[in-house]
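Accompanying notes for the structure given below.
The values are calculated or read from the model by the stated rules, or taken from the named source; none is laboratory data. Note that the coordinates shown come from a computational prediction; the quantities given were computed from them, not determined experimentally. Because the Cβ atoms are built from the backbone with ideal geometry, glycine has one as well, and the counts that use them run over all protein chains shown. Remember, those area values only see protein heavy atoms, side chains included, never the ligands or the DNA or RNA. Shrake-Rupley method; radii C 1.70, N 1.55, O 1.52, S 1.80 Å.
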Amino acid sequence: MAGGIFSPLGSCSELEKANCHPLVCLLCHEPYQHPCLLDCYHNFCASCLRGRASDGRLRCPLCGHPSVVRGGTGLPPVDRLLQFLVDSSADSEEDVQCANCDRCCAKAELDTMYFCNTCGQPLCAPCREETHRAKMFARHEIVSLSKRTKDIHKKCPLHEEPYIMFSTEKKSMLCINCFRDMQGESRAHCIDIETAYMQGCQRLDQAVMAVKELQTSTCEAIVLLKAMIEEVRNSASEEEAAINSLFGRMQEQLSERKKTLLKAVQSQHEEKEKAFKEQLAHLASLLPTLQVHLVTCSAFLSSANKAEFLDLGYQLMERLQRIVKLPHHLRPAQTSKINSEYRAEFARCLEPLLMLSPRRSVVGSASGIGPGIAGTNMLPGSQCSKTLMVPSCPPAGDKMSTSPMVRKPTMHRYISTKVLLAEGCETPFAEHCRNYENTYRMLQTEIQGLKDQVQELHRDLTKHHSLIKTEIMSEILQKSLQMDVQIAAHYSAVEMMRSVFEEVWEETYQRVANEQEIYEAQLHDLLQLRQENSCLTTITKQIAPYVRSIAKVKERLEPR
């Protein structure tokens, strides 16, 4: 058997391919042997489930739903209903032998066999005519073999009396003694077997109808989910192709802009390096001149007397003053920072591809659903904005039918609108949203009413086979056309507000862009100021030795 099978069924497709006979186990593919019922209402043989329980729980091999098992066996309770069907099927497939003449009857001849409920034995047609026609068998109950009654379902096991009543309270059959032993209040819930059978058949028919409806809904849901899986697959392929295409174009644009930026950086580098080298050469030629004049001044002071000093000293002082007054470029003429604004340049080259401008994003997200698109096919609870849409036949030239679909679901838009209105900012757009929500809620209520009427008529037509008056359908169709006109008018009114809001959004975008530019400029100015201070510190450290040397010379001159 399948007691050693511990791998669950892979998928529903395997279940469809498997043998789905109601009396055959899905694990061992053999007729049920002691079928057990799990909490998920799946049945398996007891031997197939033995050893699968862990910590008092048994996971269904088909759907994975956990079931609580009690007792030391580690198995769920036996399904009595399925066991009855299995036993009945086994009895009908057995070779029947007449109890009187031992004649075996083939399966094709079972309709010619009889069964004596009194004797509890099968009879062939000749024996029924020859033996059970005697007076001693006059009171025996003889029925067709297919309609025989089993003793276990005919007599009460406690009192050995035939069943005569049925308790609707306890859902059990009662013999005369069981009925007498019941209390007076419980007897009010007792009916005869025939009435209970008729009521049970009616309730079973209702339950079967409910299951059939669930089966139909399940099949429709399966078809829908398969279609959505295919749509997801196609959408993923399209998205991958779009990503690859966009990425390729982005790479091309970035590569071209990269070459341009590198050339600009190289040009700035050569220009700044040339300017710094020229200034460095000028200062390098100035430094020996200064050193020579300092040494000359020191030697003149140490060797000249008063007359020589007065004769040549003023000439030396005028020369030193003229040297100091010459235009010497001691400070760098420009910063050493090379700035190509590569972030802004890269963003500017990607802007047409990514549609980063506010006007394009507004156009792409402000479109509505046209009358040719039914947006009610999204599964409940789904958070995905791409749903399986069922297109209808829109009128030719309809502006709404050519508009792109809304990217955000209605619930997301509703929550975003509530947050916007809760902020309390009285802006033109907030007032527009408040008016829009009121009109949209009214249109949605009327559409829902029409949908309910159509669903009810469809149910009456398909399930109850009721005749429907054509006037009702004409009235619903007329209302639907009127609603289409109202929705189109409201759509046009909202569309006319686009230019007004785009101007506001453009101003807001420009203000934000200016603020961002000012902020970046502030950071740049601080960095430039810090760099100038760093250069000043470096120059101060470099001229400090010369200042100290001149101070020493001054100390020598002070005594004179």
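For this structure, a couple of remarks:
- Pair list, Cβ under 8 Å, 6 or more apart: the stretch 477-494 residue farther than 19 Å from N438 by Cα, other residue modelled with pLDDT under 85 and surrounded by 13 or more Cβ atoms within 10 Å (Cβ to Cβ): K479/L450; S480/L450
- Figure legend. Inter-residue proximity from the stretch 49-66: first residues closer than 15 Å to L27 by Cα, second residues open to solvent by 50 Å² or more (accessible area, probe 1.4 Å) and of a type in the set (K, R), beta-carbon distance below 6 Å, spacing 6+ or different chains. No pairs are indicated.
- Filter pass, C40 being assigned to a loop (DSSP other than H, G, I, E, B), under 30 Å from E141 (Cα atoms) and at pLDDT 75 or above: no
- Screening the candidates Q516, Q528, Q522 for the property of being open to solvent by 100 Å² or more (accessible area, probe 1.4 Å), closer than 26 Å to A333 by Cα and polar (S, T, N, Q) yields one hit, Q522.
- Answer from P327, P332 - the residue that is open to solvent by 60 Å² or more (accessible area, probe 1.4 Å) and in contact with a Phe, Trp or Tyr (Cβ under 8 Å, 6 or more places away or on another chain): P332
- All positions within the stretch 54-76 that are open to solvent by less than 60 Å² (accessible area, probe 1.4 Å), assigned to a loop (DSSP other than H, G, I, E, B) and closer than 23 Å to V86 by Cβ: C60, P61, L62, V69, G74, L75, P76
- Qualifying residue in the stretch 323-335 (condition: within 55 Å of the chain's Cα centre (by Cα) and either at pLDDT 85 or above or not in a helix (DSSP H, G or I) (or both)): yes
- Residues of the stretch 540-560 that are touching a residue at least 24 places away in the same chain (Cβ under 8 Å) and either open to solvent by less than 60 Å² (accessible area, probe 1.4 Å) or polar (S, T, N, Q) (or both): S549, V553.
- Qualifying residue in the stretch 276-298 (condition: assigned to a helix (DSSP H, G or I), closer than 30 Å to S336 by Cα, open to solvent by less than 90 Å² (accessible area, probe 1.4 Å) and among the aromatic types (F, W, Y)): yes
- If the condition is being aliphatic (A, V, I, L, M), under 30 Å from C535 (Cβ atoms) and modelled with pLDDT under 90, then the stretch 255-313 contributes A275, L280, A281, L283, A284, L286, L287, L290, V292, L294, V295.
- Among the residues of the stretch 30-48, those identified as open to solvent by 20 Å² or more (accessible area, probe 1.4 Å) and in contact (Cβ under 8 Å) with a residue 24 or more places away in the chain are E30, P31, Q33, H34, L37, D39, C40, N43, S47.
- Any hit, the stretch 341-355, residues being in contact (Cβ under 8 Å) with a residue 12 or more places away in the chain and part of a loop (DSSP other than H, G, I, E, B): no
- Qualifying residue in the stretch 234-255 (condition: open to solvent by 90 Å² or more (accessible area, probe 1.4 Å) and closer than 30 Å to R459 by Cα): no
- Spans of strands (runs of 3 or more DSSP E) in the stretch 122-216 with at least 1 residues touching a Cys at 6+ places or on another chain (Cβ under 6 Å), open to solvent by less than 60 Å² (accessible area, probe 1.4 Å) and of a type in the set (A, V, I, L, M, F, W, C): 142-144, 165-167
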